[in-house]
Amino acid sequence: MNHDHEGDGKPSTGGKYVLIGFALIAGYFLITEHQAHVFSALPYLLLLACPLLHLFHGRGGHGGHGGDRKNTNKDQTS
């Protein structure tokens, strides 16, 4: 009952192109047939994008927190 399957378990690239093509066609018909509904949802999609950008933004975008505070006090002299 041994089955030898060639490949490394990754999906073929042909399947990816079919999925992308299907998504493009579905997106086209969604926009052309439901244009008023799609455009009326854009403000809400922009509002939803804000928390997603905060969640998935790269870590350390503010230069690290807390580590440099000791050094800034030494630089300030009166």
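The values are calculated or read from the model by the stated rules, or taken from the named source; none is laboratory data. These figures come from a predicted structure and were not determined experimentally.
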Checklist outcome for this item: The lone condition residue 33 fails out of (1) within 21 Å of the chain's Cα centre (by Cα); (2) at pLDDT 75 or above; (3) not β-branched (Val, Ile, Thr) is (1)
Checklist entry - Would it be correct to say that residue 14 is small (Gly, Ala, Ser) and modelled with pLDDT under 70? => result no
